[in-house]
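Here the structure comes first, spelled out in C-alpha cells, and everything after it is commentary.
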Amino acid sequence: MSLSLKTAGHPFLRGEAEWNRGLNAIIGPSGAGKTTLLRLLAGLGEKAGDIQFDGRAWQEGSHHVPPYRRPMAFVPQEPSLIPFRPIRQQIDWVSAPGFKSNSEEWAEKLEISSVLDRYPRMLSGGEQQRAAIVRALATHQPILLLDEALSQVEDRLRQHYLQCLKNGPPAPWVLYSTHHLNEALEFSDTVTVILKGQIYSPRTPQDLIMTPPNAEIAWMLGYRGSFPLDNGRYVLIHPSRVVPGTHPDQGVVYPASVTIQPKPHSLLSQWVVKGHHTTWQWELPQYSKEWKGNAITIINPAIVPYPLNSEEVLSYARPISW
Amino acid sequence: MLYKTSQTVGIVVLILTALPLVVLIEQGSQSLTSSIAAPGVLRALWTTLSSGVLALGLCFALGLPTAYWLRNQHSQGRIKRLFAVLLVTALLMPPLVLGLVLAFIMAPTTFTGSWLNTVNSASNTFPALVLAQVYEALPYFVLTAWSAFAMIPTQWEEEAWALHKTPWQTFRFVLWPASRPGLFTATWMAWARIVGAFGSPVVVAYHPTALPVQIWITIEESGLPQALALALWLVLIGLPIPAWLTWKKGGIL
C-alpha cells in the first residue's frame with residue numbers, strides 16, 4: 001500500500017514520487033513547490049497529474065476525487081481555524097464517529113490542553129498551528145499532510161513535537177514539509193527533495209546524504225566542494241565531515257593548505273581550505289585555536305559521479321553559517 | 001476646517017434625511033386606524049403581506065444558491081463578471097421599464113403569454129404580482145448575499161474539506177454562521193424592495209392590488225392625508241426590521 005504521484009500535466013510540478021508508511025519529509029527552499037505538492041495531494045488547487053492510493057485513483061485524467069472523499073487530513077502552513085468557534089468545538093466537529101478520540105492525548109503531547117476552550121484569536125501563532133494539528137488528527141484519516149505545520153513553533157519545542165510524531169505516529173502516513181534540513185534528516189523515514197518544482201523521489205536520509213542526486217541538492221545538504229577521486233568519481237566535501245590533518249585510517253585524505261582560526265567576536269571557527277584549483281571557506285560552530293596544516297581528511301565520504309566545483313557552484317563558495 | 005465643514009454639511013443632510021420620516025409619522029398617524037377601514041385597504045395590506053412572504057421565499061430559495069455558486073467561481077472568471085454586470089443592470093433597471101417588459105412577455109400576443117393564457121390570464125393575477133416583486137428584489141438579494149459570502153476566506157472552506165467534511169457540512173458549520181449577518185441584510189433589503197414594489201406591479205398586477213398601488217388609488221380618490229396614512233402602514237411593514245438590524249450591527253454593511 002503506497003501513495004504515488006505522477007505530475008505529468010501539472011503546470012509547475014515535475015517528477016514522480018511514491019511514499020510508504022512512516023514519517024516522510026518534504027524539503028526544499030521556499031517557493032520550491034512544497035505547498036503546491038501537498039495541496040495537490042489534498043485535492044486542492046490544480047486538478048492535474050496522477051495520484052493513486054491503495055489501488056484507488058485520487059486524480060487521473062479528468063477523474064478527480066474531492067478532498068473530503070480522500071482518506072487524508074491536511075494542515076496548511078497558515079492554519080485557518082474557524083475564528084468564531086472554540087477549538088474544542090472544531091475538534092468535535094471533525095472527529096470521526098466511532099473512533100476512540102485521541103485528541104485529548106495529542107493535545108496533551110502538543111501542550112495545548114489548557115487552551116482548547118478558547119477561540120483561535122486568543123492563541124499565539126504556534127498554539128494555533130498545534131491546535132490545527134490536533135484538529136486534523138481527530139479526523140482519524142490514515143494520511144496526514146502537514147505543510148510547515150510547526151513553522152511558528154520555536155525550534156526546541158518543534159524538535160520535541162517531531163520526536164513525539166516519530167515515537168508514536170498518529171497516522172500511518174505522515175507527509176510533512178519543512179525547510180529545516182537537519183530535522184528532516186533526523187526525524188524522517190524518507191526525505192523528498194523538491195527544487196523549483198522538480199520532485200526527487202523519496203530516499204532515506206542516509207541515502208540522500210551519501211548519494212545526493214545532483215550538485216544542487218548536494219549544495220542544499222551542506223556540501224561545499226569536491227575533488228576527483230578517480231575516473232568520473234568525486235568526493236564531496238561536507239564541512240561537518242572534515243577533520244584537519246592526515247588521517248588515512250579515518251577517511252579520504254586530500255592535500256590542501258588549511259587555515260583554521262577563531263572568528264572574532266563569536267564562538268565560531270573559520271576554515272580556509274586551498275585545494276589544487278579551488279579555495280573553500282566555511283565556518284563551524286566550534287571554537288578553536290589557530291591551526292595551519294597541509295591536508296584534510298574527509299570522514300565517511302560521499303562519492304558521486306559529478307563534481308561540485310563547477311564555476312557556477314564555486315560562486316556560492318562563501319562562508320556558510322549554521 | 002475640513003472637519004467643521006463636513007460636520008455642518010453632515011448635520012444638514014441628517015435633518016433632510018430624517019424630515020420625510022418625521023412628517024410621515026406626524027401626518028400619517030392622525031388617521032392611521034381610520035385609513036385601514038377604507039374599502040380595499042385591508043385587502044391590499046393582506047395582499048402585500050402574503051405576496052411579499054412568497055416573493056421573499058422565492059428570492060431566498062433562488063438567490064442563495066446563486067450567490068453561493070458565484071462565490072465559488074474563479075476570481076477572474078468570465079461568468080462571474082458577466083453575472084455581476086447583469087445583476088447590476090437588473091438592479092438599476094427602472095421598475096416601470098421592468099413592468100412594461102413583464103407585461104409584454106405576459107401579453108397574449110407573445111409565445112410565453114399565449115402559453116400562460118391557456119392556463120389562466122397571465123397579467124393581473126397573484127402570481128404576476130409575486131413575479132413582479134421577485135424581479136424587483138432578486139438582484140438586491142443576490143448581490144448582497146454574494147458579497148456576504150465573498151467576505152469569507154475560501155481557505156476556511158478548503159481546510160474543512162481537507163478535514164473530511166463535505167461542502168454541505170462545511171456550509172452549515174462554517175459558511176452559514178459566518179455569512180448570516182450579511183444574509184439577513186440581503187433578506188431584509190429584498191423585503192423592503194418587495195413591500196415597496198410599485199413600478200412594475202402597477203403595470204402587470206394592478207389587481208390584486210397591493211399596498212403601493214392602493215396608495216396610488218387612494219391619492220386619486222381620497223386625497224393626500226389618507227394616502228399618507230397608508231404610506232405609514234407601508235413603511236411600518238417594510239422598514240422596522242432592516243432599521244433594527246442596522247442598529248444592531250452598529251453601522252452600515
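Students often forget the sequence filter, so: which aspartates and glutamates lie under 19 Å Cα-Cα from A:Lys6 once same-chain residues fewer than 8 apart are removed?
Filter leaves A:Glu16, A:Glu18, A:Glu46, A:Asp50, A:Asp54, A:Glu60.
Would you calculate the volume per residue, in Å³, of the smallest convex hull containing every Cα atom of the range A:185-322?
128
Step through the table entries A:Lys47/A:Lys196; A:Lys34/A:Lys166; A:Lys109/A:Lys196; A:Lys263/A:Lys292, compare each Cα-Cα distance with 26 Å, and write down the pairs that go over it. If you can, show how the numbers build up before the last one.
Numbers: A:Lys47/A:Lys196 20 Å; A:Lys34/A:Lys166 21 Å; A:Lys109/A:Lys196 35 Å; A:Lys263/A:Lys292 15 Å.
Exceeds cut-off: A:Lys109/A:Lys196.
Per residue of B:56-62, what is the mean number of Cβ atoms on other protein chains within 10 angstrom of that residue's Cβ?
The mean count of partner-chain Cβ atoms within 10 Å per residue comes to 0.
Taking only protein heavy atoms into account and a 1.4 Å probe, give the accessible area per residue of the range B:126-183 in Å².
38
Using a simple charge model, +1 on the beta-carbon of Lys and Arg, -1 on the beta-carbon of Asp and Glu, nothing else, what dipole does chain A show about its Cα centre, in debye to the nearest 20?
260
Set the Förster radius R0 to 25 Å, insert the Cβ-Cβ distance between B:Val88 and B:Ile152 as r into 1/(1 + (r/R0)^6), and round the FRET efficiency to 0.05.
0.70
Go ahead and collect, in residue order, the members of the range A:1-38 whose backbone nitrogen is under 15 Å from a label point 7 Å along the Cα-Cβ direction of A:His63.
In the range A:1-38, the label zone of A:His63 (backbone N under 15 Å from the point 7 Å along Cα→Cβ) covers A:4-6.
Which residue, chosen from A:Ile112, A:Phe99, A:Ile26, occupies the Cα position most advanced towards the positive end of the dipole of chain A, where the dipole is computed from +1 (Lys, Arg) and -1 (Asp, Glu) charges on Cβ about the Cα centre?
A:Ile112
Over chain A, what is the mean sequence separation of C-alpha contacts under 8 Å (at least six apart), divided by residue count, expressed as relative contact order in percent? Display every interim value, and only then the final one.
Working: 665 pairs, mean separation 55.1, N = 322.
Relative contact order, chain A: 17 percent.
Give the accessible surface of chain A per residue, rounded to a whole number of Å², with probe radius 1.4 Å and ligands, DNA and RNA excluded.
Details: 14850 Å² over 322 residues.
Ligands and nucleic acids excluded, the result is 46 Å² per residue.
For the range A:125-131, take each phi angle, set θ = phi - 60°, evaluate the Karplus expression 6.51 cos²θ - 1.76 cosθ + 1.60, and give the result in whole Hz per residue in order, putting x for glycine and proline.
Those phi angles translate into x, x, 5, 4, 4, 5, 4 Hz.
When a/c is below 1.5 the answer is rounded, else prolate if a/b is larger than b/c, else oblate, so apply that to chain B with a ≥ b ≥ c taken from the square roots of the Cα gyration tensor eigenvalues.
Oblate, since a/c reaches 1.5 and b/c is not below a/b.
At most 13 other Cβ atoms within 10 Å and a DSSP loop assignment: could you name the trypsin sites (Lys or Arg not before Pro) in the range A:191-300 that fit?
A:Lys196, A:Lys289
Where does chain A land at 222 nm, in deg cm²/dmol rounded to the nearest 500, when only DSSP H runs of n ≥ 4 count, each adding -39500 (n - 2.57), divided by all residues?
For chain A, the value works out to -6000 deg cm²/dmol.
Restricting to DSSP H runs of at least four residues, report the calculated mean residue ellipticity at 222 nm for chain B, -39500 (n - 2.57) per run over all residues, nearest 500 deg cm²/dmol. Don't jump to the answer; show the numbers that get you there.
On the way: 14 runs with 199 residues, N = 253.
Using -39500 (n - 2.57) per qualifying helix, the result is -25500 deg cm²/dmol.
Grab the other residues whose beta carbon is less than 13 angstrom from that of A:Gln52, score K and R as +1, D and E as -1, and report the net.
Numbers: positive: A:Lys6, A:Arg56, A:Arg70; negative: A:Glu16, A:Glu18, A:Asp50, A:Asp54, A:Glu60.
Neighbourhood net charge equals -2.
Which of the residues in the range A:110-139 show a loss of at least 30 Å² in accessible area from their chain by itself to the complete set of protein chains, at a probe of 1.4 Å?
A:Arg135
By the scheme Lys and Arg +1, Asp and Glu -1, what is the net charge of all other residues having a beta-carbon under 10 Å from that of B:Trp161?
0
Can you return the lysines within cross-link range of B:Lys248? Criterion is Cα-Cα under 20 Å, with same-chain partners fewer than 8 residues away left out.
none
Taking the Kirkwood radius as the inverse of the mean 1/r across Cα pairs, report the Rg/Rh of the protein assembly as shown. Before the final figure, lay out each step's value.
Working: Rg = 35.5 Å, Rh = 29.9 Å.
Rounded to two decimals, Rg over Rh is 1.19.
Report Rg(Cα)/(2.2 N^0.38 Å) for the range A:3-210, keeping two decimals.
That works out to 0.99 for the range A:3-210.
Evaluate peptide B:151-162: per residue, the Cβ atoms of other protein chains within 10 Å of its Cβ; return the mean as an integer.
Rounded to a whole number, the mean comes out at 6.
When ranked by the protection proxy of mean other Cβ atoms within 10 Å per residue, highest first, what sequence do the peptides B:157-167, A:39-49 form?
Output ranking for B:157-167, A:39-49: B:157-167, A:39-49.
Kindly identify the range B:1-150 as rounded, prolate or oblate by the Cα gyration tensor criterion: order the square roots of the eigenvalues as a ≥ b ≥ c, call it rounded if a/c is under 1.5, otherwise compare a/b with b/c, prolate if a/b is larger, else oblate. Don't skip to the end; give the middle numbers.
Values: a/c = 2.30, a/b = 1.12, b/c = 2.06.
Oblate shape, in that a/c is at least 1.5 and b/c is the bigger or equal ratio.
The values are calculated or read from the model by the stated rules, or taken from the named source; none is laboratory data. Remember, predicted model here, so these are calculated numbers, not experimental data. Neighbour counts are summed over all protein chains in view; Cβ atoms, including those assigned to glycine, are modelled from backbone coordinates with ideal geometry. For accessibility, only protein heavy atoms count, side chains too; no ligands or nucleic acids. Shrake-Rupley method; radii C 1.70, N 1.55, O 1.52, S 1.80 Å.
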